[in-house]
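S.K.: Structure below; questions to follow.
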Amino acid sequence: MSEQAPASGATEARKSRHLDICLEDDVASNLDAGFSSIRLRHEALPECALEDVDSAVTFLGHKLAAPLVISSMTGGTKRAGAINFNLAIAAERAGVALALGSQRAALENQELLATYRVREVAPNVVLFANLGAVQLNYGVTIADAQRAVEGIGANGLYLHFNPLQEALQPNGDTNFRDLLPKIAALCRAIGVPVIAKSVGSGISARTAQRLIGAGVSAIDVAGAGGTSWARVEGKRAGDARREALAETFAGWGYPTVAATIAVRAALPEATLVASGGVRSGIDVAKALAIGADFAGIALPLLEPATRSADAVSEALASILDGLRIAMFASGCRRPRDLREAVYARGVE
């Protein structure tokens with residue numbers, strides 16, 4: 001790591017404060033993710049039984065029981081370790097994937113790596129490491145990224161893109177110059193799939209094309225409509241002027257539904273995750289219906305994860321039951337069938 005990196009204690013404190021804010025404050029985007037505008041057909045004669053519905057999929061070569069990723073939330077603080085353990089146990093039980101929070105803190109302080117090491121409680125979960133793309137301009141090397149993956153036994157790497165969040169952080173890392181060649185070099189060398197992910201503001205079709213061209217294996221649009229990281233940073237600032245400035249960006253970005261539709265149209269064959277404002281199994285079904293291959297969900301699982309793995313499992317069960325019922329009620333036996341289940345006008 002470069003000497004430009006901040007002290008690990010500062011990073012750890014920031015991560016802990018993020019947790020408090022997300023748990024205690026209203027940090028929702030001012031934009032609607034768009035799921036309320038999507039209607040799925042109702043099939044009164046589905047010609048199948050509920051037990052015939054099979055939500056299983058393959059994600060970057062790994063079998064999942066349902067097309068769902070628990071999106072990146074936390075890590076790098078002692079309290080985050082318990083949250084990640086609970087998420088991992090529940091993810092393995094349910095057969096869904098888990099993406100951990102940014103591992104920058106662990107690169108700065110190896111003692112914090114334990115807060116991400118969930119293999120001891122979930123040896124078979126499909127697991128993704130996580131680093132900020134901009135850190136490639138602040139001393140993080142390909143070797144560091146490989147350590148982040150290998151240190152937790154991950155199946156792939158989430159690379160997140162957060163220019164707005166960094167701009168609103170005091171002393172944020174805002175040098176995003178010439179990142180694309182470094183991303184391409186990382187994708188060539190790291191030996192595991194890399195997923196490019198926004199942080200609550202979405203990814204445009206053009207940017208998604210550039211990233212796929214650079215070698216990323218999947219796009220997670222992570223659109224606006226869920227947690228607003230502008231609002232999170234504003235509340236963390238402890239400064240009325242900076243909080244007011246951050247609030248002006250509370251509606252910034254591409255809503256999840258719009259971003260998903262645009263990226264799918266531009267990249268018909270790409271692996272695509274829709275996250276940002278996904279709150280239920282019906283939302284997961286709608287995300288698949290508009291072109292996503294998988295959906296990501298985070299905030300609805302954070303509070304349960306502060307309590308227990310069983311609490312997360314219960315919340316996940318409701319989401320997955322909702323997905324299967326939405327598939328059944330729209331006459332879809334497989335997730336891919338949902339592509340034909342959107343209706344735009346009238347009743348056909």
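S.K.: From (1) over 25 Å from Asp52 (Cβ atoms); (2) in a helix (DSSP H, G or I); (3) touching a Lys or Arg at 6+ places or on another chain (Cβ under 9 Å); (4) in contact (Cβ under 8 Å) with a residue 40 or more places away in the chain, pick out the condition that doesn't hold for Pro304.
M.R.: All conditions are met except number (3).
S.K.: Let me ask something additional. Quick one: how many residues across region 15-70 are part of a loop (DSSP other than H, G, I, E, B), closer than 29 Å to Thr115 by Cβ, at pLDDT 85 or above and in contact with a Leu (Cβ under 9 Å, 6 or more places away or on another chain)?
M.R.: Residues flagged as part of a loop (DSSP other than H, G, I, E, B), closer than 29 Å to Thr115 by Cβ, at pLDDT 85 or above and in contact with a Leu (Cβ under 9 Å, 6 or more places away or on another chain) within region 15-70 amount to 3.
S.K.: Would you confirm whether or not region 125-148 contains a residue that is small (Gly, Ala, Ser), surrounded by fewer than 18 Cβ atoms within 10 Å (Cβ to Cβ) and under 16 Å from Ala185 (Cβ atoms)? I'd like the intermediate steps shown before the answer.
M.R.: Taking region 125-148 and keeping what is small (Gly, Ala, Ser), we get 129, 132-133, 139, 143, 145, 148.
Still in the list and also surrounded by fewer than 18 Cβ atoms within 10 Å (Cβ to Cβ): 139, 143.
Those still in the list that are under 16 Å from Ala185 (Cβ atoms) too: 139, 143.
Yes, region 125-148 contains at least one residue that is small (Gly, Ala, Ser), surrounded by fewer than 18 Cβ atoms within 10 Å (Cβ to Cβ) and under 16 Å from Ala185 (Cβ atoms).
S.K.: Checking Ser217 against (1) without any contact (Cβ under 8 Å) to a residue 60 or more places away in the chain; (2) surrounded by fewer than 24 Cβ atoms within 10 Å (Cβ to Cβ); (3) among the polar types (S, T, N, Q): exactly one of these is not met. Which one?
M.R.: All conditions pass for Ser217, except number (1).
S.K.: Within the group Ala80, Ala94, Ala88, which residue is of a type outside the set (Asp, Glu) and modelled with pLDDT under 95? Before the answer, list the steps.
M.R.: Details: Ala94 fails: modelled with pLDDT under 95; Ala88 fails: modelled with pLDDT under 95.
Only one candidate qualifies: Ala80.
S.K.: Among the candidates Gly95, Gly81, Gly153, single out the residue that is free of Cβ contacts under 8 Å to residues at least 60 places away in the same chain, surrounded by fewer than 22 Cβ atoms within 10 Å (Cβ to Cβ) and closer than 22 Å to Glu303 by Cβ. Before you say what the answer is, go through the steps one by one.
M.R.: Working: Gly95 fails: closer than 22 Å to Glu303 by Cβ; Gly153 fails: closer than 22 Å to Glu303 by Cβ.
Every option except Gly81 fails the conditions.
S.K.: Condition test on Ala218, is it aliphatic (A, V, I, L, M), in contact with a Leu (Cβ under 7 Å, 6 or more places away or on another chain) and more than 26 Å from Arg147 (Cβ to Cβ)?
M.R.: Values: aliphatic (A, V, I, L, M): yes; in contact with a Leu (Cβ under 7 Å, 6 or more places away or on another chain): yes; more than 26 Å from Arg147 (Cβ to Cβ): no.
No: the conditions fail for Ala218.
Residue-wise test of (1) within 27 Å of Ala214 (Cα to Cα); (2) buried (at least 18 other Cβ atoms within 10 Å of the Cβ); (3) of a type in the set (D, E, K, R); (4) at pLDDT 95 or above.
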site: Ala259; (1), (2), (3), (4): yes, yes, no, yes
site: Arg264; (1), (2), (3), (4): yes, yes, yes, yes
site: Glu269; (1), (2), (3), (4): yes, no, yes, yes
site: Ser280; (1), (2), (3), (4): no, no, no, yes
site: Lys286; (1), (2), (3), (4): no, yes, yes, yes
site: Ala289; (1), (2), (3), (4): no, yes, no, yes
site: Val312; (1), (2), (3), (4): no, yes, no, yes
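S.K.: In this structure, is Gly226 surrounded by fewer than 24 Cβ atoms within 10 Å (Cβ to Cβ) and either within 17 Å of the chain's Cα centre (by Cα) or not hydroxyl-bearing (Ser, Thr, Tyr) (or both)?
M.R.: Values: surrounded by fewer than 24 Cβ atoms within 10 Å (Cβ to Cβ): no; either within 17 Å of the chain's Cα centre (by Cα) or not hydroxyl-bearing (Ser, Thr, Tyr) (or both): yes.
No.
S.K.: Still on this model: Can you name every residue in region 291-301 that is farther than 21 Å from Thr227 by Cα and either crowded, with 24+ Cβ neighbours inside 10 Å or free of Cβ contacts under 8 Å to residues at least 60 places away in the same chain (or both)? Break it down into steps so the answer makes sense when it comes.
M.R.: Taking region 291-301 as the starting set, the residues that turn out to be farther than 21 Å from Thr227 by Cα are 291, 293.
Within region 291-301, Gly291 is the sole residue that qualifies.
S.K.: Residue by residue through region 169-200, note down the ones that are in contact with a Phe, Trp or Tyr (Cβ under 7 Å, 6 or more places away or on another chain), over 19 Å from Leu107 (Cβ atoms) and modelled with pLDDT under 95.
M.R.: If the condition is that a residue be in contact with a Phe, Trp or Tyr (Cβ under 7 Å, 6 or more places away or on another chain), over 19 Å from Leu107 (Cβ atoms) and modelled with pLDDT under 95, then Gly200 is the only one that fits.
S.K.: Inspect all residues belonging to region 57-72 and state whether any of them is more than 23 Å from Arg334 (Cβ to Cβ), crowded, with 23+ Cβ neighbours inside 10 Å and not aromatic (Phe, Trp, Tyr). Step through it out loud before you land on a result.
M.R.: Initial filter on region 57-72 (more than 23 Å from Arg334 (Cβ to Cβ)): 71-72.
Now restrict to residues that are crowded, with 23+ Cβ neighbours inside 10 Å: 71-72.
Remaining after also requiring not aromatic (Phe, Trp, Tyr): 71-72.
The answer is yes; a qualifying residue exists.
S.K.: Write out, first by first residue and then by second, each pair whose Cβ atoms fall under 7 Å of each other, whose residues are 6+ apart or on separate chains, and whose first residue, in region 195-212, is surrounded by fewer than 19 Cβ atoms within 10 Å (Cβ to Cβ) while the second is among the aromatic types (Phe, Trp, Tyr).
M.R.: Once the first residue is surrounded by fewer than 19 Cβ atoms within 10 Å (Cβ to Cβ) and sits in region 195-212, its partners that are among the aromatic types (Phe, Trp, Tyr) give Ser204/Tyr254.
The values are calculated or read from the model by the stated rules, or taken from the named source; none is laboratory data. Owing to the predicted nature of the structure, the values given are computational and were not obtained by experimental measurement. When we count neighbours, we look across all protein chains shown, and the Cβ atoms used for this are built from the backbone with ideal geometry, even at glycine.
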